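Encoded as C-alpha cells, the structure appears first; notes follow it.
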Amino acid sequence: MSIFSKFDDVRSAFESLTSAGRNPFGIRFDEILSPTEAVLDGRRILLFGTNNYLGLTFDPAAIDASIEAIRQAGTGTTGSRIANGTYSGHATLERQIAEFFGRKSAMVFTTGYQANLGLISTLAGRGDHLLIDADSHASIYDACKLSAAEIIRFRHNDPKDLARRLRRLEGLPGSRIIVTEGLFSMLGDTAPLREIAAVKREMGAYLIVDEAHSMGVMGKHGRGLAEAVGVEADVDFIVGTFSKSLGAIGGFAVSDLPDFDLLRVVCRPYMFTASLPPSIVASVTASLQRIATDDLLGARVQANSRRLHNGLAQAGFDIGQEANPVCAIRIADRDLAIGFWNALLANGVYLNLALPPATPSSLSLIRSSVSAAHTEAQIDTAVSIIAETGSRLGVLSENASRIAMPAAE
Amino acid sequence: MGSVILANQYDNIEAGIVAVLEARVAAGAQISPKAKIARDLGLDSVAVMDFVMDIEDHFDISIPLDRVAEVETVEDLTRAVEALLKDKG
C-alpha cells in the first residue's frame with residue numbers, strides 16, 4: 001500500500017478528466033501578451049478567467065515602480081515581518097490600505113490565503129464560535145482547521161439560518177465571529193450583507209468580510225460590497241488580496257478595533273513566513289494609488305460585466321441573476337462541462353473549469369471573469385464563441401431544461 | 001425505566017436520520033447503522049455537508065465541524081446528535 005493510496009479516488013477522477021482532453025489544472029501559457037491575451041501552444045487566445053478585474057498587471061506606473069524597487073532594495077526581504085522583513089515600503093503600504101478603506105489599522109500578509117488563515121484562526125480562540133458561510137473559500141475553511149474555536153456553517157447567503165444558529169448558542173460563553181465574502185468566487189453572487197449586518201447587530205457578534213473579489217470593483221470608491229450596500233460601520237474586519245484587482249500577490253486585513261496591532265505578535269501565518277518582496281510592495285502601492293484616483297476603472301469593469309452577462313443570458317445559458325465580474329455557466333453533467341471547456345480552449349477562449357466537490361450544489365461550472373481591460377469587441381467575440389460552442393455541444397439545451405425547471409436550492 | 005426511554009430516544013434519532021438520508025441517496029441504497037455515509041452511500045464531500053445541514057435543521061441543533069469530522073457511519077451520527085440534544089437539555 002503506497003502512501004498515496006489514500007488519493008486513489010482523486011486519481012481516478014483526475015485520470016477520467018484528463019483522458020477527455022487537456023489537463024485543466026496544468027495549463028501552461030507560452031507567453032502573456034496583455035491582461036486579456038496569451039499564447040498557448042503557439043496560438044493566440046483570449047483570456048476570460050484570470051481575476052484580473054482592473055487589468056492592472058501591465059500598468060506602466062506599477063511596472064516602473066517595481067523595477068525601481070528591485071534596483072534599490074533587492075529581489076527579496078529574506079525574512080519575516082517580525083524579524084528583518086519589514087521595510088519602509090511595507091509600512092507605507094499598510095498606511096495606504098488603511099486610508100483607502102477609511103480604517104485605523106491595516107496588516108499586510110504575504111498572500112490572501114494567509115490573510116484569511118491568520119486573521120480568522122487567531123481571532124477565534126478556544127471557547128469562541130466561528131460562523132462561516134457554507135460556500136466559503138478554502139482559505140476560510142483552512143483557517144477553521146487551524147482555529148481552536150467551535151466551527152458552525154450557515155446555509156449559503158441565508159441570514160435567517162445564521163440567526164437561527166446564533167440563537168442556538170444563547171447562554172454559552174465566548175465570542176461569536178461571522179465570516180462571509182463580498183463576491184463569491186465560484187458563482188459570482190454577492191452576500192446579503194445588509195441583512196447579515198442586521199443579524200450581527202441584533203445578536204451581538206463580530207463580522208469579517210472577505211472582499212477579495214469585490215475590492216476595486218464594487219462601491220463608489222472601490223472598497224467592496226460593504227461600501228456598496230452601506231454597512232461598513234458594521235464590518236469589524238475586512239480581508240482582501242493584492243492578487244486580483246491590484247494585479248500582484250499578497251493579502252491584507254483592516255480594522256478600526258483599537259488592539260488590532262496585537263495580532264502582529266500572535267498571528268502565526270503573519271509571523272512565520274517571509275514578507276512580500278520590495279518589487280511587489282512597490283507595484284501594489286502604485287496600483288492602489290491608481291484605483292484610489294481613477295474612477296473609470298471600476299466603471300469600466302462594471303460595464304464589461306454587464307455586457308458579458310447580457311450576452312450569455314441572451315444566448316440562453318444558466319448563469320446567476322447578478323451581472324458581476326465573475327459569471328459562471330452552470331452545467332449538471334460533469335463530462336459535458338469538461339468537453340465544453342476543452343472545445344472553448346480549442347476555439348481560442350480560456351475560461352476556468354470548476355468541478356465538484358470544489359463547487360456548490362454538485363454543479364460543474366465554466367467560470368468567466370471579466371476585466372476592465374477587455375474591449376467590447378473581445379467580449380462580443382468571446383460571447384459568440386461560447387454561444388456557438390455551447391449550442392453545438394448541447395450545453396444550451398441542457399441549460400434550457402434546467403432553467404425551465406430550476407432545482408431547489 | 002430510564003434506559004428504556006433513552007433507548008427509545010436513540011431509535012427515534014436514528015429513524016429521523018434515516019428519513020433525511022433517504023431523500024439524499026440513490027434509491028435502493030442499503031442504509032444501515034454501520035453504513036459509511038460517504039463511502040457506502042455514494043455522497044461526495046459537498047453532498048455530505050449538505051446532508052449534515054438537513055440533519056441540523058431536522059433536530060434544531062448545530063453540529064460543529066470537528067464533530068462532523070469524527071462521523072463516519074449512521075451510528076456515529078446518531079450518537080453525535082444524541083449527545084448534542086442532551087447538551088441542549
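The values are calculated or read from the model by the stated rules, or taken from the named source; none is laboratory data. This structure is a prediction, so every number in the text was calculated from the model and none was measured. Here the Cβ is made from the backbone with ideal geometry for all residues, glycine too, and neighbour counts use every protein chain on show. Please note that ligands, DNA and RNA were not included when accessible areas were found on the heavy atoms of the full protein model with its side chains. Shrake-Rupley method; radii C 1.70, N 1.55, O 1.52, S 1.80 Å.
Could you say which residue among B:ASP60, B:ASP44 is open to solvent by less than 60 Å² (accessible area, probe 1.4 Å), closer than 28 Å to A:ASN157 by Cβ and facing another protein chain (nearest Cβ under 10 Å)?
On the way: B:ASP60 fails: open to solvent by less than 60 Å² (accessible area, probe 1.4 Å).
On inspection, the qualifying residue turns out to be B:ASP44.
Please give the strands (runs of 3 or more DSSP E) falling wholly within region A:26-115 in which 2 or more residues are surrounded by fewer than 19 Cβ atoms within 10 Å (Cβ to Cβ).
Details: elements: A:31-34, A:37-40, A:43-47, A:105-109.
So the answer is A:31-34, A:37-40, A:43-47.
Could you list, ordered by first residue, the pairs with Cβ atoms under 9 Å in which the first is in region A:108-122 and in contact (Cβ under 8 Å) with a residue 40 or more places away in the chain and the second is open to solvent by less than 30 Å² (accessible area, probe 1.4 Å) and acidic (Asp, Glu), at least 6 apart or interchain?
A:VAL108/A:GLU94; A:GLY112/A:ASP210; A:ALA115/A:ASP210; A:ASN116/A:ASP210
For region B:10-50, enumerate the residues that are closer than 24 Å to A:ASP9 by Cα, in contact (Cβ under 8 Å) with a residue 12 or more places away in the chain, in a helix (DSSP H, G or I) and not aliphatic (A, V, I, L, M).
Scanning region B:10-50 gives a single hit, B:ASP50.
Residue by residue, here is whether (1) of a type in the set (D, E, K, R); (2) farther than 24 Å from A:SER371 by Cβ; (3) out of contact with any His (no Cβ under 9 Å at 6 or more places or on another chain) holds:
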{"residue": "A:ILE32", "(1), (2), (3)": "no, no, yes"}
{"residue": "A:ASN51", "(1), (2), (3)": "no, no, no"}
{"residue": "A:LEU54", "(1), (2), (3)": "no, no, yes"}
{"residue": "A:THR57", "(1), (2), (3)": "no, no, yes"}
{"residue": "A:ALA65", "(1), (2), (3)": "no, no, yes"}
{"residue": "A:THR78", "(1), (2), (3)": "no, yes, yes"}
{"residue": "A:ALA83", "(1), (2), (3)": "no, yes, yes"}
{"residue": "A:ARG95", "(1), (2), (3)": "yes, yes, yes"}
{"residue": "A:ALA98", "(1), (2), (3)": "no, yes, yes"}
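Any chance region A:386-396 includes a residue that's under 23 Å from A:GLY26 (Cβ atoms) and in contact with a Pro (Cβ under 8 Å, 6 or more places away or on another chain)? Lay out the reasoning, then the answer.
Our first condition is that a residue be under 23 Å from A:GLY26 (Cβ atoms); within region A:386-396, this holds for A:386, A:389, A:393.
From what's left, in contact with a Pro (Cβ under 8 Å, 6 or more places away or on another chain): none.
Within region A:386-396, not a single residue is under 23 Å from A:GLY26 (Cβ atoms) and in contact with a Pro (Cβ under 8 Å, 6 or more places away or on another chain).
So is A:ILE132 in contact with a helix residue (DSSP H, G or I) (Cβ under 7 Å, 6 or more places away or on another chain), surrounded by 20 or more Cβ atoms within 10 Å (Cβ to Cβ) and either among the polar types (S, T, N, Q) or outside any helix (DSSP H, G or I) (or both) or not?
Working: in contact with a helix residue (DSSP H, G or I) (Cβ under 7 Å, 6 or more places away or on another chain): yes; surrounded by 20 or more Cβ atoms within 10 Å (Cβ to Cβ): yes; either among the polar types (S, T, N, Q) or outside any helix (DSSP H, G or I) (or both): yes.
So A:ILE132 fits the description; yes.
For region A:363-380, enumerate the residues that are of a type in the set (Ser, Thr, Tyr) and surrounded by fewer than 16 Cβ atoms within 10 Å (Cβ to Cβ). Lay out the reasoning, then the answer.
Of the residues in region A:363-380, the ones of a type in the set (Ser, Thr, Tyr) are A:364, A:368-369, A:371, A:375.
Selection gives A:THR375 alone.
Name the residues in region A:151-168 that are within 8 Å of chain B (Cβ to nearest Cβ), open to solvent by less than 10 Å² (accessible area, probe 1.4 Å) and part of a helix (DSSP H, G or I), would you?
Listed by number, the list holds a single entry, A:ARG165.
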